[in-house]
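Just so it is clear, none of the values below were taken in a lab; they were calculated from the coordinates. None of the values given here were measured: they were computed from a predicted structure. When we count neighbours, we look across all protein chains shown, and the Cβ atoms used for this are built from the backbone with ideal geometry, even at glycine.
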Amino acid sequence: MNTMSYREAIREAMMEEMARDEQVVVMGEDVGCYGGCFKVTPGLIERFGDRQVIETPVSEEGLVGVAVGAAMMGMRPIVEIMYGDFSTLAADPMINHAAKMRFMTAGQISIPLVYRTPMGSGTGAAAQHTQSLEHLFTNIPGLKVVYPATPADAKGLLKSAVRDDDPVVFLEHKLYGTEGIVPKGEYTIPLGKADIKRQGNDVSIITYGKTVFTALEAAAILEDDEVDVEVVDLRSLRPLDTHAIRASVRKTGRVVVVHEAPGFGGFSGEIIAQIVEDGKTFGALKAPVGRVCGREMPTPFNKNLEQQLPPSPHAIVDAVLGLFPSAV
Amino acid sequence: MAIAFDREQGLSILSLMVRSRVFEEKIEALFSSHEMHGTTHLAIGQEAVHAGVSPALDPADWILTTHRCHGHTLAKGASVEAMLAEFFGLSNGLAKGLGGSMHLVDLEHHNAGSSAVVGSGVALATGMALQLKRMDSPNLVVAFFGDGASNRGVIHESMNMASIWNLPVLFLCEHNLYGMSSCADEMVSVKSLAERGSAYNIVGESVDGNDVEVVFDAVRKAAGHIRCKKRPYLLEVRTYRFSGHSKNDKRVYRSREEEHLWSLRDPLKIFSQRMIERGHLTSEDYVKLQQDERTGIDRIAEKLIGRKNELSIDEAASYVYVGGDVR
């Protein structure tokens, strides 16, 4: 076992895959000697050269389109888009092209592309550099979407994403310095498998990405209230591990769904649908489903205001306690 | 003066142009009689472009085309039957009926298919060229787009990248004067799109797109430049779409007089007359060529009309992901 940061884990996954297969190519803005906007790619160009590390102009739509075209011809690009917000610019190549190429050609062309981008608030970067836009991609058949929280998950999922023959949207939170234990040596984590980050019997918190840590903080606080919380980290949003969601909720009978994106029209709605559509899981519910999401507003710049935008541990605690009316 | 095809090559190119014309006329008739559904974008009047481009390439060169892709697909070598089957939505179509008239694909003949989001395919073609260069391939990619699409930002981004990375891509602007209803004179900031090459340090040229020998010659020259100088190239071919933009277009945005003037420059007329003047063909031979091509396409269409070999919705779903249906 090694201790490494989220950033280092992502870098190590890329390096291992680039060394394994010369068709794995990192592309993006400032990914060369600068090392990428969030310093995920330092050392790559020095080791692999410009055949496997391609620095691009500021042309998000064009560069993702170029990556799709290169993937059609056998490259396995890992595209870095420096902020998830710029996914609006890359929506055409990802949604109209990468996602549909295999289908429109009846399987003759596939697009083995990984689209890496960070999302979420906490950096003081205001409204155009902090959004959580995962739902732009989760409603698109043809795309896969993953959002790991821990260094170990990030490494294993990224290696699987690179080896996957379909386009994978690989979302990162911005706690790049978060350290965690990462297994030594070669390993992968399959796409579409959730992970129970904390076992519990009284209530399930279902979440993904950065709010996995918020949920774990809330769970620690709830120990004082003698509420035994299970934290389900989805890790993959599409394919979604509905089995893990339903199994946890059937066990606990209570559930709070958490994400940083605004709740209205967000991915939490899909998670809740997966719970209530299943008769056995619905029947196991002892309380209405709870939801704690980001505020319905663009991210404010002011630090105090920005901190109030995403789900806080206390908001989750309140939502959980609200499921036990007699205890309050 | 452009090159003059010898008799054999001239006849082959003329046959291709005629086949494309009668193919499009057949498609138009099948849509009018509701035997085909959806929409379609005909290239009647633009035959000198597709018949001039693909035959001037190495067969291993790639093309990536647009929503108006029938002629390009035919000229690159696709089977008429597989094309027509795709239009009918049948499982023996080029894309098993999942793509339709705007998404013909034929990898066997190095036709990577098309994007029907006008202009977006240019980035894909540029990416294909990037990978060809990485793999030290001697081949190039032709990125087709129209004067309408020429204003898309992604084309400018792509030309810039192709230039800074010295990619083997031929940006081929098929200037047919109209982006749907909008006349290029009112929508494009330059007289000739070839001028835009200079903004990206790419050689740009504009040629008569209704003269197949001129187009062939220009593509040969462009391909030579791309292979020898290791630089991209921008070629504008000026032509005219005789048909409407798509099947329900009544062409209210232009005059019948204008259409008449362009009909005098019909690429089939120009080239067939030249072949007759050169003694490669008689008028009677040309009439027979048209009849033979029409009969050939009619026969294939007859065979397909009423066929029911379609994918099931579950078979279609199996093509969403490599591993099949995933949720």
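Annotations
- Just so you know, the Rg over Rh for the range A:18-70 is 0.96, from Cα atoms, with Rh as the Kirkwood radius.
- q = 0.13 Å⁻¹: log10 I(q)/I(0) that the Debye formula gives for the range A:1-142, counting C-alpha atoms only: -0.58
- Bridge orientation summary for chain A: considering DSSP beta bridges with both residues in this region, about 20 percent are antiparallel.
- The 3J(HN,Hα) values that the Karplus relation (6.51, -1.76, 1.60; θ = phi - 60°) gives for the range A:281-287 are, in residue order, 6, 4, x, 7, 5, 9, 7 Hz. Gly and Pro appear as x.
- Karplus-derived 3J(HN,Hα), 6.51/-1.76/1.60, for each residue of the range B:4-16, Hz, glycine and proline x: 10, 5, 6, 4, 5, 5, x, 5, 5, 5, 4, 4, 4
- Convex hull volume of the C-alpha atoms in the range B:227-327, normalised per residue: 313 Å³.
- Reducing the range A:9-23 and the range B:268-294 to their Cα centroids gives an inter-centroid distance of 60 Å.
- Mean ellipticity per residue at 222 nm, deg cm²/dmol - from DSSP H runs of n ≥ 4 across chain A, formula -39500 (n - 2.57): -9500 deg cm²/dmol
- Think of chain B as having a plus end and a minus end, set by charges on the Cβ of Lys, Arg, Asp and Glu; of B:GLY119, B:THR65, B:SER243, B:GLY119 sits farthest toward the positive end of this dipole.
- Distance from the range B:232-255 to the range A:257-303 (C-alpha centre basis), Å: 50
- Counting DSSP beta bridges with both ends in the protein assembly as shown, the antiparallel % (nearest 5): 20
- Share antiparallel - DSSP beta bridges, the range A:2-182, percent rounded to 5: 15
- When you filter the trypsin sites (Lys or Arg not before Pro) in the range B:1-58 for DSSP loop state and at most 11 other Cβ atoms inside 10 Å of their Cβ, nothing is left.
- Within 10 Å of the Cβ of each residue in B:115-125, the mean number of Cβ atoms contributed by other protein chains is 6.
- Shape category assigned to chain B from the gyration tensor of Cα positions, a/c cut at 1.5: rounded
- Per residue of peptide A:92-98, the mean number of Cβ atoms on other chains within 10 Å of the residue Cβ is 4.
- Across peptide B:163-172, the average count of Cβ atoms from other chains found within 10 Å of a residue's Cβ is 1.
- Rounded to the nearest whole Hz, the Karplus-based 3J(HN,Hα) values (6.51 cos²θ - 1.76 cosθ + 1.60, θ = phi - 60°) of the range A:36-42 follow the sequence x, 4, 9, 6, 8, 9, x, with x at glycine and proline.
- Around the Cα centre of chain A, unit charges on the Cβ atoms of Lys, Arg, Asp and Glu (plus for the first two, minus for the last two) sum to a dipole of about 560 debye.
- Over chain A, equivalent-ellipsoid semi-axes from the Cα gyration tensor in Å: 34, 21, 19
- Estimated 222 nm signal from helices in chain B, with DSSP H stretches of n ≥ 4 weighted -39500 (n - 2.57), rounded to 500: -13500 deg cm²/dmol
- Filtered chymotrypsin sites (Phe, Trp or Tyr not before Pro), the range A:1-98: DSSP coil and at most 15 other beta carbons within 10 Å: A:TYR34
- Sites listed here are chymotrypsin sites (Phe, Trp or Tyr not before Pro) in the range A:160-265 whose DSSP assignment is loop and whose Cβ has at most 16 other Cβ atoms within 10 Å: A:TYR187, A:PHE264.
- Tensor-based shape of the protein assembly as shown (alpha-carbon gyration tensor, a/c under 1.5 rounded, otherwise prolate or oblate): prolate
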